[in-house]
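**Q** First the structure, which I've put down as structure tokens, then a few questions once you've had a look.
The values are calculated or read from the model by the stated rules, or taken from the named source; none is laboratory data. For clarity, every value in this text was computed on a predicted model and none was experimentally measured. Here the Cβ positions follow ideal geometry from the backbone for every residue, glycine too, while neighbour counts run over all protein chains shown.
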Amino acid sequence: MISVEEALDRILGSIEPLGIEKVNILDSLGRVIGEDVCASRNIPPRNNSAMDGYAVRWEDTRNASRERPVVLDVVEDIPAGAIPGKRIGTGKAARIMTGAPVPEGGTAVVRVEDTKKDGRKVKIFVEAEEGQDIRWAGEDVREGEQVISRGDVIRPAEVGMLAALGRSYIYVYQRPMIAVIATGDELVDIDDTPSQWQIVSSNSYSITAQIIECGGIPLQLGIAKDTRDELIAKFNAALRANIIISSGGVSVGDYDLVKDIMQEVGNQMQFWQVAMRPGKPLAFGSMRGIPVFGLPGNPVSSMVSFEQFVRPSILKMMGCRRLFRRTVTATSMENITKKKGTTHFIRARVEYENGEFLVTTTGEQGSGILKSMVRANGLIVLPEKTGHVAKGEEVTVQLLDQSFEFTSRPEYLINT
Ligand code: AMP
Ligand code: MG
């Protein structure tokens, strides 16, 4: 038996990031960028006005007030996008709009509310400070500055930055294709009518959803019966994927052929008992260089094993730097007893109340009880050495659910 940590180290040690591909920036959302992006230009390209008003020489506005305005000659009108044609000399001003380039000689902008137009002149009612309401060339981004780094995840802000730099295409890490094989004579597919002794292969769908959730491309290969021929055919069909996942057939039953077939079809398979619950049986290795996971068949075991081992592997292939879900420290609302010597992942619901996380288990923890997974938004992770958790003690909870990040009202309003 090996520990969760050792299994994780051995698995991730054998996973390499995929290559990169070129995509349109709107297809890059959520992807991991495969290049460092340096600014090819200054943003903004020129000093420009932050306000609608008048570009002036700041010294000319000294001592200006409502009662004793300074009067300046208006030499031109500069809308956004126009090129200024005249220098601002002493006693001069130019009408200027937000975003328009500040003309040469202009050292401040006085907002229109602090002025009054008077024919070809303007009355200035306030003293301007040097540089007031001017946005300087390159104040957002300087030419040559690195703004996005390889390994960053592209969010809407990065899309905006790339667009500002005129980058319509960028290089991102490829998304891995993940083959999913369900195994078991008792399984039917979702639209087939199960006989009394059959069940729908829900794992095919939960695993596929987990793949989609973390950014992989699923390749559903359906169900293999527990026969050598069907298993060999499915594993061969899976060889075009970047990762192969099977579910079921890895424990010690008479029809658990997956381990043997994996060894026959490929090579370098390792069959492990991982000291964890759920998810003790796990086969891992590679077939012709493709990583293969033989996940256990029980619906919760397969999901928990995917969470701990497959998800970080997919993220690593996609070039991500951060491979693991966040954990929080929460107060257990109940007593929990477990076996020492195994890591337990206990389905639970965590809430944030009055500045602390509180966690409650979601009921029956059998590895076939998918309902307690449905109710859960996290997994309490109890390490090997723990035997008992008393109500009120602190535990570590792995957050499974992005919806946990959302609230029904802004918390900054609730808390103030
Ligand atoms: P196995 O590891 O093949 O012995 O399967 C363990 C348990 O998980 C059995 O009760 C199976 O019926 C169930 N199981 C196996 N594969 C699936 C699947 N694809 N969907 C739902 N349940 C499954
Ligand atoms: Mg089976």
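Per-residue answers, yes or no, for (1) touching a residue at least 24 places away in the same chain (Cβ under 8 Å); (2) within 11 Å of ligand 1 (Cβ to nearest atom); (3) outside any strand (DSSP E or B); (4) under 19 Å from V310 (Cα atoms):
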position	(1), (2), (3), (4)
I207	yes, yes, yes, yes
L219	yes, no, no, yes
I223	yes, yes, no, no
D226	yes, yes, yes, no
E230	no, no, yes, no
A233	no, no, yes, no
A238	yes, no, yes, yes
V250	yes, yes, yes, yes
G253	no, yes, yes, no
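**Q** Please go through the stretch 305-320 and pick out each residue that is assigned to a helix (DSSP H, G or I) and farther than 16 Å from S251 by Cα.
**A** Taking the stretch 305-320 as the starting set, the residues that turn out to be assigned to a helix (DSSP H, G or I) are 305-317.
If the condition is that a residue be assigned to a helix (DSSP H, G or I) and farther than 16 Å from S251 by Cα, then F306, E307, Q308, F309, V310, R311, P312, S313, I314, L315, K316, M317 are the ones that fit.
**Q** Six or more apart or on different chains, Cβ under 6 Å: which pairs go from a residue in the stretch 135-159 that's of a type in the set (F, W, Y) to one that's buried (at least 16 other Cβ atoms within 10 Å of the Cβ) and outside any helix (DSSP H, G or I)? Could you list them?
**A** Cβ pairs passing all conditions: W136/N47.
**Q** Within the stretch 246-263, does at least one residue satisfy the condition of being more than 16 Å from ligand 2 (Cβ to nearest atom) and closer than 17 Å to V180 by Cβ? Step through it out loud before you land on a result.
**A** Looking only at the stretch 246-263, we keep the residues that are more than 16 Å from ligand 2 (Cβ to nearest atom), and these are 263.
Next, only the ones that are closer than 17 Å to V180 by Cβ stay: none.
Checked against the condition, which is being more than 16 Å from ligand 2 (Cβ to nearest atom) and closer than 17 Å to V180 by Cβ, the stretch 246-263 yields no hits at all.
**Q** Can you tell me which residue within the stretch 347-373, out of those that are β-branched (V, I, T) and not in a strand (DSSP E or B), is farthest from Q402 (Cα to Cα)?
**A** Across the stretch 347-373, the extreme among qualifying residues is I369.
**Q** Do you know which residues across the stretch 391-407 are loosely packed, with under 10 Cβ neighbours inside 10 Å and modelled with pLDDT of 95 or more?
**A** none
**Q** Moving on. Taking the residues in the stretch 163-205 that are in contact with a helix residue (DSSP H, G or I) (Cβ under 9 Å, 6 or more places away or on another chain) and among the hydroxyl-bearing types (S, T, Y) as candidates, determine which candidate is nearest to ligand 1 (Cβ to nearest atom).
**A** That would be S202.
**Q** Which members of the stretch 309-339 meet the condition of being farther than 30 Å from S149 by Cβ and not aliphatic (A, V, I, L, M)? Spell out how you get there, then give the answer.
**A** Taking the stretch 309-339 and keeping what is farther than 30 Å from S149 by Cβ, we get 329-339.
Once the filter is applied, which keeps residues that are farther than 30 Å from S149 by Cβ and not aliphatic (A, V, I, L, M), the stretch 309-339 yields T329, T331, S332, E334, N335, T337, K338, K339.
**Q** How many residues does the stretch 53-82 hold that are more than 15 Å from I134 (Cα to Cα) and assigned to a strand (DSSP E or B)?
**A** The number of residues fulfilling the criteria is 8.
**Q** Hey, another quick one. Which pairs have Cβ atoms under 9 Å, sit 6 or more apart or on different chains, and link a residue in the stretch 382-409 that is on the phi > 0 side of the Ramachandran plot and part of a loop (DSSP other than H, G, I, E, B) to one that is of a type outside the set (F, W, Y) and at pLDDT 85 or above?
**A** Close Cβ pairs satisfying both conditions: G392/T331; G392/S332; G392/M333.
**Q** What is the residue count in the stretch 233-244 for residues that are within 16 Å of ligand 2 (Cβ to nearest atom) and of a type in the set (A, V, I, L, M, F, W, C)?
**A** Within the stretch 233-244, residues that are within 16 Å of ligand 2 (Cβ to nearest atom) and of a type in the set (A, V, I, L, M, F, W, C) number 1.
**Q** When the stretch 272-298 is examined, which residues are found to be within 16 Å of ligand 2 (Cβ to nearest atom), surrounded by fewer than 22 Cβ atoms within 10 Å (Cβ to Cβ) and over 29 Å from Q174 (Cα atoms)?
**A** K280
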